[in-house]
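Worksheet: one structure, shown below.
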Amino acid sequence: MKTRAAVAFEAKKPLEIVEVDLEGPRAGEVLVEVKATGICHTDYYTLSGADSEGLFPSILGHEGAGVVMEVGPGVTTLKPGDHVIPLYTPECRECDYCLSRKTNLCQKIRLTQGRGVMPDGTSRFSHKGKPLYHYMGTSTFSNHIVVPEIALAKIRSDAPFDKVCYIGCGVTTGIGAVIWTAKVEAGATVVVFGLGGIGLNVIQGARMVGASQIVGVDINPGKVPLATKFGMTHFVNPKDVQGDIVAHLVELTGGGADYSFDCTGNVKVMRQALECAHKGWGQSIIIGVAAAGEEIMTRPFQLVTGRVWKGTAFGGARGRTDVPKIVDWYMDGRVNIDDLITHKLPLERINEGFELMHEGKSIRSVVEF
Ligand code: NAD
Ligand code: DAO
Ligand code: ZN
Ligand code: ZN
């Protein structure tokens, strides 16, 4: 079939809206009509060329929601008409990783997904007879996509696509980092570095679990009103701190944070996040994705004295199991997504979404097909 997509023909160049060819689903695969997609910082990171694993030409996008149109042979858990969220972290429920119950990093299709192709090693997308790479197994900047069954979470049919698409990455990553990776408990002190599309969801996760102090740290004070609405109790702009930011945060939290989160992708900030964690028990969770080749650093004594450094992908969520729960939390009014969708754009204006993000003017831009 033909479909419309925003294609990344080259790094550092604007996306081009073109008609592409899409082959139908093969065994274990599903054809989905994407109704809406968010634009995440990670799409920008890949388009910028900073992602050493970025492949071009490709169709980016990994934060979508849509409807199943057709299923390939052997698909048993989905049928045409089902509403779904594509998962860049699939959940096969049978690989060693899934069965371990210790991680959400299902490895069933990891190799081919990383190579920009479907599990059989080929692409379903092409343009003028030349294959286009898939991206993160999702490619939600295309109006239609083919995705493995294990990379689709079935969700309730009354959830609005233009909001719940954000659960495909940002919402789940932020809230999940709090509840599944860090397991923050009621009464805890939390410091969140970076109050963008991820950090604000960390803040709302911390409020959901009853954290007593939620400190937001950002160099852009324009983030304060929304962060406060989402549960931030204290704001620190590193540019306004005289002296050492870590010492300032340790003092503000009465000895250090029980939990800190990096939502910037800056390795210097990651170090600050680790070192402002409480001696003896503080945990610091890296969410931000640093540029290729970057390394984190601290004095080992920081760990010897009990601080714990962790990372999280997709908030530790097992997508097919956990994503439908977050959709329910949104529909029940327990999770606020509406205030984070700051811009809506048609596909033709998708590049404006990247500009808004780059200029710090948006939290989430959502493209509706
Ligand atoms: P964003 O651009 O919306 O937000 C980043 C925020 O960090 C901005 O508000 C910015 O002002 C702030 N910031 C920048 N430098 C800072 C500094 N030195 N100190 C304090 N604040 C600073 O980005 P986002 O969409 O929220 O994504 C955040 C990071 O999370 C990115 O690196 C993204 O790639 C990553 N990410 C990771 C996962 C995962 O599963 N681990 C999932 C999605 C996104
Ligand atoms: O190696 O098994 C694996 C999974 C790697 C992919 C995890 C991606 C999470 C971080 C990227 C940001 C997502 C938008
Ligand atoms: Zn993302
Ligand atoms: Zn698996």
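Quick notes
- Candidate set: the range 135-194, residues that are out of contact with any Lys or Arg (no Cβ under 7 Å at 6 or more places or on another chain), within 16 Å of ligand 4 (Cβ to nearest atom) and assigned to a helix (DSSP H, G or I); chosen: the one farthest from Val289 (Cα to Cα): Glu149
- Some residue of the range 192-204 being in contact with a Phe, Trp or Tyr (Cβ under 8 Å, 6 or more places away or on another chain) and of a type in the set (Phe, Trp, Tyr): yes
- Positions within the range 197-219 being more than 14 Å from ligand 1 (Cβ to nearest atom) and in a loop (DSSP other than H, G, I, E, B), in sequence order: Val209, Gly210, Ala211, Ser212
- Of all residues in the range 182-204, those satisfying the criterion of being small (Gly, Ala, Ser) and within 16 Å of ligand 3 (Cβ to nearest atom) are Gly194, Gly196, Gly197, Gly199.
- Near pairs, Cβ below 8 angstrom, 6+ apart or cross-chain, from the range 107-118 (assigned by TED's automatic domain parsing to the domain that holds Gly61) to any residue that is at pLDDT below 95 and of a type outside the set (A, V, I, L, M): Gly114/Glu53
- Residues (more than 9 Å from ligand 4 (Cβ to nearest atom), in a loop (DSSP other than H, G, I, E, B) and touching a strand residue (DSSP E or B) at 6+ places or on another chain (Cβ under 9 Å)) located in the range 75-117: Val75, Thr77, Leu78, Lys79, Pro80, Gly81, Asp82, Leu87, Arg115, Gly116, Val117
- The one condition from (1) part of a loop (DSSP other than H, G, I, E, B); (2) more than 15 Å from ligand 3 (Cβ to nearest atom); (3) in contact (Cβ under 8 Å) with a residue 40 or more places away in the chain that Asp51 does not meet is (2).
- Identity of the residue in the range 4-27, buried (at least 18 other Cβ atoms within 10 Å of the Cβ) and within 25 Å of the chain's Cα centre (by Cα), that ends up nearest to Gly81 (Cα to Cα): Ala5
- Within the range 297-325, considering residues that are within 30 Å of Gly168 (Cβ to Cβ) and of a type in the set (D, E, K, R), the one surrounded by the fewest Cβ atoms within 10 Å (Cβ to Cβ): Lys325
- Restricting attention to the range 263-293, the residues being touching a residue at least 24 places away in the same chain (Cβ under 8 Å) and over 20 Å from the mean Cα position of the chain (by Cα) number 13.
- Matching residues in the range 220-275 - criterion: being more than 22 Å from Ile175 (Cα to Cα), in contact with a Lys or Arg (Cβ under 9 Å, 6 or more places away or on another chain) and not in a helix (DSSP H, G or I): Gly255
- The condition (being assigned by TED's automatic domain parsing to the domain that holds Leu60, within 24 Å of Pro324 (Cα to Cα) and touching a Ser or Thr at 6+ places or on another chain (Cβ under 9 Å)) is satisfied by just one residue among Leu132, Leu152: Leu152.
The values are calculated or read from the model by the stated rules, or taken from the named source; none is laboratory data. Please read these numbers as outputs of a predicted model, since none were measured by experiment. All Cβ positions, even for glycine, are placed from backbone atoms using ideal geometry, and neighbour counts span all protein chains on display.
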